[in-house]
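Structure, as structure tokens:
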Amino acid sequence: MKMKKLMALALAGIMMLGVLSGCGGKKSEPSTDSGASDSKVVEITFPSMWVGVNSNTPWFEDRMAAFNEQYGDQIKVTVEEIAGDQNYVDKMKVLYSSNSLPDAFNCGGYNLIDSMKDQLVDLTPYLDDELKAAGSDICWEVNSRDGAVYGVPYTRQVIGYFYNKDLFAKAGIEKPAETWDEFFDQCDKLVAAGITPLSMDTADSGWVTSLMLGAMIGQTDEGEKFMNTNLPKNYNTPEFIEAAANIQKMFQKYTTPDAVGGAYENAASNFFMEETAMIANGPWMVSDFYDTSLVEEGFADKVGTAMYPGGVMYNSGKIGFNIASKDEEHLQAALTFVKFLVSEDSQRLMLELTGDIPSMEGVTSDKVKPLVNEVIANGDAATHCINDFQSLWYANVVDEISVQYPLLAQGQITPEQFAQALTDAAAKN
């Protein structure tokens, strides 16, 4: 669903609110007169998992202090601290069962929309320009169901791949490939220069390998649709089988001997030691490029970022803030609070303090490593945006990948048999 559809729904909702207002259903607004001594302070509830050693705690404490300074004479946010993601989710489920969800909450990306939307506020009528700016279309899509908006985005996942510029230069490669044919030509050039092209793995769902698999699937419109499908059942598609065949080729021609049976740590170490020229991964890896316990001094200067051939990036929204206020007064106060937390300043600060990628396109910072900003720019420029397999596929299918990858790599099964094995695993759900 694109933003123009949301805007149309928003307009319809606003017109309906206007009709209700004309019939005497006037909605109360938070006071904007900061100097009025008798102004009413609206109290809203917000449980927070960002406590203690949570990496987001400094960000949330900063935002609360800033919000209280600006809105403290109008809105009081009562924060309940709940340590631990699962404890938080469990608490929301208990509150839902008693129809007492808080005014606003955030479940750290966990999807509670589908199970709780009957108690959540449909935010479609409240999508003003300020709120719409919080995220791109793909981020709003994740937070919407059947044409209604139930969450406000503030972060997203962006993943491409990294390459060693020095090793590329030794092989006569000037820049990352724009097509997959060119990509494999570059792999051949690297091999000819005595350089192993790719870091790969098979253990623990083969994270690095599966990122390449998904990127190859996602280069077409149909493949992009598949990679954004929740809990797919059928892997016997032309796009999937072709990608599996290329993964088999990568294992057999373009990676290290320890890739089969190896975990992410092996794949990462090979890239750090300059044993391989490329590795697929997200911007959280950038800090490792500066860690001299892992790499040589100056290694980060050798690293470049790239989107996958065909204009593909893992560029997916996450579930954001939900609102469950029971009346308009508290709803407006909760909206004011959420708008503050998803503002450009707040998202930029989160990038700086936590490394989370802003849902708002174009938000970068000179306080983070330049490579992180490059990954964000690649995500913004992608023509095919996909989600990662671990987020959408059945858990047993993700587990089955580690069983099947070694067989595929060693030629014991065909790409078609690989696709069928995952289809069989999905059918067990």
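Do the conditions hold for Q410, that is, is it within 25 Å of G262 (Cβ to Cβ), in contact with a helix residue (DSSP H, G or I) (Cβ under 9 Å, 6 or more places away or on another chain), surrounded by fewer than 17 Cβ atoms within 10 Å (Cβ to Cβ) and not assigned by TED's automatic domain parsing to the domain that holds V51?
Yes, satisfied.
Being of a type in the set (A, V, I, L, M), at pLDDT 95 or above and surrounded by 19 or more Cβ atoms within 10 Å (Cβ to Cβ) is the filter here, so list the residues in segment 372-397 that pass it.
Hits for segment 372-397 are V372, V375, I376, A382, I386, V397.
Filter segment 216-225 for residues that are in a helix (DSSP H, G or I), more than 22 Å from T276 (Cβ to Cβ) and in contact with a strand residue (DSSP E or B) (Cβ under 9 Å, 6 or more places away or on another chain) and give the result.
Correct list: I217, D221, G223, E224.
Mind checking whether some residue in segment 260-283 is without any contact (Cβ under 8 Å) to a residue 60 or more places away in the chain, in contact with a Leu (Cβ under 9 Å, 6 or more places away or on another chain), assigned to a strand (DSSP E or B) and surrounded by 19 or more Cβ atoms within 10 Å (Cβ to Cβ)?
No, there is no match, as no residue in segment 260-283 is without any contact (Cβ under 8 Å) to a residue 60 or more places away in the chain, in contact with a Leu (Cβ under 9 Å, 6 or more places away or on another chain), assigned to a strand (DSSP E or B) and surrounded by 19 or more Cβ atoms within 10 Å (Cβ to Cβ).
Can you name the helices (runs of 4 or more DSSP H) wholly within segment 96-182 that have at least 3 residues being under 24 Å from the mean Cα position of the chain (by Cα)?
The qualifying helices (runs of 4 or more DSSP H) are 113-116, 129-132, 137-142.
When residues of segment 284-303 are filtered for being in a loop (DSSP other than H, G, I, E, B) and among the polar types (S, T, N, Q), how many remain?
2
So which residues in segment 56-72 are part of a loop (DSSP other than H, G, I, E, B) and touching an Asp or Glu at 6+ places or on another chain (Cβ under 9 Å), if there are any at all?
N56
Of the residues N315, N322, only one is out of contact with any Lys or Arg (no Cβ under 8 Å at 6 or more places or on another chain) and under 30 Å from F340 (Cβ atoms); which?
N322
Scan segment 229-251 and give yes if some residue there is outside any loop (DSSP other than H, G, I, E, B), among the small types (G, A, S), in contact with an Asp or Glu (Cβ under 6 Å, 6 or more places away or on another chain) and crowded, with 18+ Cβ neighbours inside 10 Å, otherwise no.
Among the residues of segment 229-251, not one is outside any loop (DSSP other than H, G, I, E, B), among the small types (G, A, S), in contact with an Asp or Glu (Cβ under 6 Å, 6 or more places away or on another chain) and crowded, with 18+ Cβ neighbours inside 10 Å, which makes the answer no.
Just to be sure before I move on: is G18 in a helix (DSSP H, G or I) and either surrounded by fewer than 14 Cβ atoms within 10 Å (Cβ to Cβ) or at pLDDT below 90 (or both) in the structure I sent?
Spelling it out, G18 is indeed in a helix (DSSP H, G or I) and either surrounded by fewer than 14 Cβ atoms within 10 Å (Cβ to Cβ) or at pLDDT below 90 (or both).
The values are calculated or read from the model by the stated rules, or taken from the named source; none is laboratory data. Worth saying up front: this structure is predicted, and the values here are computed from it rather than measured. Methodologically, a virtual Cβ is constructed for each residue, glycine included, from the backbone with ideal geometry; neighbour enumeration extends over all protein chains shown.
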